[in-house]
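Each remark here refers to the structure printed beneath this line.
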Amino acid sequence: MLDRLQELHDEAMKKVADASNLQDLKDVRIAYLGKKGPITEVMKGMGKLSAEERPKVGQKANEVRESVTSYIEEKEQTFEEAALREKLKKESIDVTLPGRPITKGGRHPLTSVVETIEDVFIGMGFNVAEGPEVETDYYNFESLNLPKHHPARDMQDTFFVTTDLLLRTQTSPVQTRTMEKHKGQGPVKIICPGKVYRRDEDDATHSHQFMQIEGLVVDEGIRMSDLKGIFATFVKKYFGEEREIRLRPSFFPFTEPSAELDISCAMCNGKGCRTCKQSGWIEVLGAGMVHPNVLRMGGFDPEKYSGFAFGMGVERFAMLKYGIDDIRHFYTNDTRFLSQFTRV
Amino acid sequence: MLISYKWLKEYIDIDDLAAEQIAEKLTRSGVEVDAVTALNEGITKLVVGKVLTCVKHPEADKLNICQVDVGDEEPVQIVCGAKNVGEGQFVPVAKVGARLPSGMKIKRAKLRGEKSEGMICSLQELGLEGKTVPKKYSEGIFVFPQEMTVGEDALAPLGLDDTVLELDLTPNRADCLSMLGVAYEVAAILDRDVKVPEPAVVPKDENAGVSVKVEASGDNPYYGATIIKGVKIAESPLWLQTYLMASGVRPINNVVDVTNYVLLEYGQPLHAFDLDRFGSNEVLVRRATEGETIVTLDESERTLSGEHLVITNGEVPVALAGVMGGATSEVEEDTVNLLLEAAYFSPAPVRKASRDLGLRSDSSIRFEKGVDPNRVAEAGARAASLIQQLAGGEILAGPIEFDELNREPRQVSISLGRINQTLGTNLEVEQVEKIFGQLQFPFENKNEMFTISVPTRRQDISIEADIVEEVARLYGYDNIPTTLPNTPTTPGGLTSSQWRKRKIRRFLEGAGLHEAVSYSLTTAEKEAFFREEFANRVKVALPMSEERSTLRTTLIPHLLDALSYNKNRNSYSVQLYEMGSVFHTDEEQVTVQPDEKTYLSGALMGLWHEHSWQGEKKPVDFYVVKGIVSGILEELDVTGDVRYVSTEAPGLHPGRTASLEIDGKHVGFLGQLHPTVAKEWSLSATYVFELNLQELMALSTKNLRYQAIPKYPAMDRDIALVVDQHVEAEELSSIISEYGGTLLTKVAVFDLYEGENLAPGKKSLAFSLRYLDPEKTLTEEEVTLVHEKVLKGLEEKAGAVLRS
Ligand SMILES: [Zn+2]
């Protein structure tokens, strides 16, 4: 019987070795290891054996089964892997086709500039203040040391609604409004972004509507040197570490002394080019020490408090930073323009 | 203000410095120089020539053939087209090989068969502006008014060897509207002296028989009339003409040129009347009467009011004080006797007249800002002596005056400590004293307390801060240290509403919308489709154009403009939003500040999502917009009962519009644009939303609290309901929520079916319900019990039956 089992084993192993697919293996399994297979048949004859022979034959039968089974499984795995490889190969795709677009909108470049500047000043302890766009003559002019017949108040520049109401020409009225809220108590540290309006014909460099950011610091012992320090910090953070600043004397009715702030030209690094009109410097904002009349009208005692104020044009900042050549682009809402700033 | 560098050198010794260096120093200390222009820029080989003969070209009527002596061995032949060329003239000649400012190079040429070797030049061809060229020469070549040396370089006699600085003056520095003022400024910067002219007038002691009377002494505290008899009007000498032209002023005749010269030199406007045409021997200065008229020098008739100041001959106005002279008493070719006016007119009446009549002159811009009271009479004397020198004549008795003018300098006191404290500097007494010296400001110093007598030429200085600025700019802004405030630090940040606006922007950005910014000024017509309730509008009093005449009350039409603009440029899928102010008012005629609200609006058209090669195209529809609006509410953490109520609104599709109501309050709308309105903008299917952001942000919001993650499993049940067409999904889901009680944690619509297999007028809506008990595992029986109640409720309240 042992010989018969060995014979069967060799036969089965050969068939497994010859099997060329999963079905052949299945057939072998059923033919040799199934309930009606030859090994089972041999086992049925075990009853006739002696007690001494019986375990030996049993053990041999198990060995044969295990050996065949393990060989079948091994081959099965090989076939399965090959089949899977075949299947996956058929599933291959063109990885060079474009990916599914993830729709993304974006902030308006003016908003981006405002938010960036807000964040720089917030980092220096400023708050953000806002005010109405339709202002009174008092807040827009008088409280800023521009009484009714002041030469610097160019009537042609203002959109009046009534003799007393107007579209604000600057964000400076927010200064007085904020100072009033502080009731003569410092410190005040604010920046005020917003829309302003002037009677200008729209062209590449002028717009009847534009955005400004006004800033104000009022406290005891604020000096002009502090203005320089705050700006040096701001300019380096916004325009880059390598930018230098310089102040030039200027005139604004609401500040005295007044200054224009220039930054070294980023295009030519101060050597002189077309952008900076060969001067190496670009004018970016107006500033100065708050005029005592303005402090007084805001409810602060100019003997005790001092401060500085500044104002900058948002469009100008955006134009400088991104090299935009026409201010009207900001207001046509052309998606070919807007979509260039989605990464900002 | 244009400053001739050559002229400036007459008052201050700056031969060691180039114009560019002075320009840089001026700019850095507060008087901005916009441009430095060398007048000889681009000109070479320009000499003085003498026209020896001049005959008509045989082949061309308009051309002349001239033989011109240019100092060479032989005269040259030049064909010249100017009408005013003539024999014996001394003229500027560009020789062969010369270059002109236009870039033109002079070559040997043949004109209609005649050779031409050079060009006789007009002033315009030499780079001067037409409006500053004397009328006599503006249509032809320039002719030297005096004998010249043939062959000499013509640049110097024409004043083209000069450099002009163009000042961009701030309104406070009216003192620099004069050569002397600029000289004082340069002197202060360089710490040098100023050479001030000292006019010597020797009046013949003769009674002129002219009287001066001023009725409005507040408007005109000083009036001086100098009578000069027997002058001869002629062309001014070259030096005077070239200084005027370099300063942008057109030479006219010797008398008028002198008044303009002194105006530029002293900053004091003057006026010369023809005494014989004055109409009387009486000068009377008064306010005009209402409706009184005057014909000014520019030949236009002006109607005056009681706020304007006039010079009269006792009867009728002969000049608009400080603004412009009258045509009737103008100095002309035949004038022999003059009344020279030097006066102080106060800023207010001059500004008023200048504004009302739209008439700005070199005179009015100076009076408006306040001239130096201590230079008025001096300027008059300077002009009188120059007129006598250039036009002859005799000066009768020294000026006949009305004089109530205050000439006292202002006193301003400031301590050294105050200066240093304001600037953040550590200046010593000596440094500050030196600066006052440079400025030529007389001062006293008592224990580091300075009292300054501000020279009256500096009308802009009246308070401490003005002195601080003078010190700072002469010390140099660059020398001020750079510090940070040594005051206590303050926490900075955004307010909650500012922060939430940023959050909404991020959300909309992520949703694929671009932010738009449009103009606030618009027309009522553009908004008429949407806003019949805002009949009252905030209008601009004097709009620049009808298109920008009133403030917007809604953002939608402006976003539609933008969609339309993009569509016309082949962008068909555009989704925009804008966050900005709208202006509402209850008043028909606005008297108080309008109600300014922040609105958040959007307009969407075309494909919301596209993935072309995979064939995916998702057009924008109502539910896209609703998803965005719901997302905004979520970003804002809005609590309260949010409802989208089907509604009709102007400009919108009557069946595809919802009003957004929170706790019963209308806070916005969303929907499809009405097709006829869309057509107005040439748009196809377009969806919009508009939210009153201010009101939305004022609603109560919830604070974020952690909620325990359920420990027990939930049980889901799906139901498909058949209901009447008109039943809304929201009605069904609120019935489900009501009957589902606390165990029901989620209801969601997952299918809508209309059509076959349903009775007419019916539709099927399928919901997915989730039941959960946070305390224990729910049993099938417990869920069934509640679920049965839900089904019963749906049937009773909405006639909904389960779809079989
Ligand atoms: Zn540059």
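Applying the selection to the stretch B:322-353, what residues are under 19 Å from B:PRO221 (Cβ atoms), out of contact with any His (no Cβ under 6 Å at 6 or more places or on another chain) and open to solvent by less than 40 Å² (accessible area, probe 1.4 Å)? Answer for the stretch B:322-353, where residues must be under 19 Å from B:PRO221 (Cβ atoms), out of contact with any His (no Cβ under 6 Å at 6 or more places or on another chain) and open to solvent by less than 40 Å² (accessible area, probe 1.4 Å): B:GLY322, B:VAL323, B:LEU340, B:ALA342, B:ALA343, B:TYR344, B:PHE345, B:SER346, B:PRO347, B:PRO349, B:VAL350, B:ARG351. Inspect the stretch A:81-88 for any residue being more than 10 Å from every other protein chain (Cβ to nearest Cβ) and touching a Leu at 6+ places or on another chain (Cβ under 8 Å) and give the result as yes or no. The answer is yes; a qualifying residue exists.
Out of the stretch A:224-242, which residues are more than 17 Å from B:ILE480 (Cα to Cα) and either away from the ligand (no atom under 16 Å from the Cβ) or open to solvent by 10 Å² or more (accessible area, probe 1.4 Å) (or both)?
Our first condition is that a residue be more than 17 Å from B:ILE480 (Cα to Cα); within the stretch A:224-242, this holds for A:234-242.
Matches in the stretch A:224-242: A:PHE234, A:LYS236, A:LYS237, A:TYR238, A:PHE239, A:GLY240, A:GLU241, A:GLU242.
Pick from A:THR78, A:THR103, A:THR96: which is open to solvent by 40 Å² or more (accessible area, probe 1.4 Å) and touching a strand residue (DSSP E or B) at 6+ places or on another chain (Cβ under 9 Å)?
On the way: A:THR78 fails: touching a strand residue (DSSP E or B) at 6+ places or on another chain (Cβ under 9 Å); A:THR96 fails: touching a strand residue (DSSP E or B) at 6+ places or on another chain (Cβ under 9 Å).
A:THR103 is the lone residue from the list that is open to solvent by 40 Å² or more (accessible area, probe 1.4 Å) and touching a strand residue (DSSP E or B) at 6+ places or on another chain (Cβ under 9 Å).
Name the single residue, out of those in the stretch A:116-129 being in contact (Cβ under 8 Å) with a residue 40 or more places away in the chain and more than 8 Å from every other protein chain (Cβ to nearest Cβ), that is farthest from A:GLY215 (Cα to Cα). Among them, the one singled out is A:THR116. Scanning the stretch B:548-567 for residues that are touching a helix residue (DSSP H, G or I) at 6+ places or on another chain (Cβ under 9 Å) and either open to solvent by 50 Å² or more (accessible area, probe 1.4 Å) or within 9 Å of chain A (Cβ to nearest Cβ) (or both) yields B:HIS558, B:ASP561, B:ALA562, B:TYR565, B:ASN566. Reported count of residues in the stretch A:255-282, each being more than 8 Å from the ligand (Cβ to nearest atom) and of a type in the set (Val, Ile, Thr), is 2. Whether a residue is in a strand (DSSP E or B) and either at pLDDT 90 or above or not acidic (Asp, Glu) (or both) was assessed, and B:ALA60 does not pass this test. In the set B:THR149, B:THR242, only one residue is within 21 Å of B:VAL91 (Cβ to Cβ) and either in the same structural domain as B:GLY370 (by TED's automatic domain parsing) or part of a strand (DSSP E or B) (or both); that residue is B:THR242.
Looking across the stretch B:434-443, the residues that are surrounded by fewer than 15 Cβ atoms within 10 Å (Cβ to Cβ) and either touching a strand residue (DSSP E or B) at 6+ places or on another chain (Cβ under 7 Å) or within 17 Å of B:GLN411 (Cβ to Cβ) (or both) come down to B:GLN440, B:PRO442. Of all the listed residues (A:PHE300, A:PHE308), the sole one being modelled with pLDDT of 95 or more and part of a loop (DSSP other than H, G, I, E, B) is A:PHE300.
Counting only strands (runs of 3 or more DSSP E) that fall entirely inside the stretch A:172-282 and contain at least 1 residues that are more than 13 Å from chain B (Cβ to nearest Cβ) and touching a helix residue (DSSP H, G or I) at 6+ places or on another chain (Cβ under 8 Å), the qualifying elements are A:209-220, A:255-264. Taking the listed residues B:VAL85, B:VAL93, the one that is assigned to a strand (DSSP E or B) and among the β-branched types (Val, Ile, Thr) is B:VAL93, with no other qualifying. Can you spot a residue in the stretch B:296-317 that is out of contact with any Asp or Glu (no Cβ under 8 Å at 6 or more places or on another chain), within 22 Å of B:ASN260 (Cβ to Cβ), outside any loop (DSSP other than H, G, I, E, B) and open to solvent by 10 Å² or more (accessible area, probe 1.4 Å)? Taking every residue of the stretch B:296-317 in turn, at least one turns out to be out of contact with any Asp or Glu (no Cβ under 8 Å at 6 or more places or on another chain), within 22 Å of B:ASN260 (Cβ to Cβ), outside any loop (DSSP other than H, G, I, E, B) and open to solvent by 10 Å² or more (accessible area, probe 1.4 Å). Using the structure shown, decide if B:PHE583 is assigned to a loop (DSSP other than H, G, I, E, B) and either within 10 Å of chain A (Cβ to nearest Cβ) or at pLDDT below 95 (or both). Considered against the rule, which asks whether it is assigned to a loop (DSSP other than H, G, I, E, B) and either within 10 Å of chain A (Cβ to nearest Cβ) or at pLDDT below 95 (or both), B:PHE583 comes out as no.
Taken over the stretch B:455-497, the criterion of being crowded, with 17+ Cβ neighbours inside 10 Å, at the interface with chain A (Cβ under 7 Å from one of its Cβ atoms) and more than 24 Å from B:GLY424 (Cα to Cα) is satisfied by B:GLY492 alone. Scanning the stretch A:283-302 for residues that are more than 10 Å from chain B (Cβ to nearest Cβ) and away from the ligand (no atom under 16 Å from the Cβ) yields A:LEU285, A:GLY286, A:ALA287, A:VAL294, A:LEU295, A:ARG296, A:MET297, A:GLY298, A:GLY299, A:PHE300, A:ASP301.
The values are calculated or read from the model by the stated rules, or taken from the named source; none is laboratory data. What you see is a predicted model, and the numbers here were worked out from it, not measured in a lab. Methodologically, a virtual Cβ is constructed for each residue, glycine included, from the backbone with ideal geometry; neighbour enumeration extends over all protein chains shown. Accessible surface areas use protein heavy atoms only, side chains included; no ligands, DNA or RNA. Shrake-Rupley method; radii C 1.70, N 1.55, O 1.52, S 1.80 Å.
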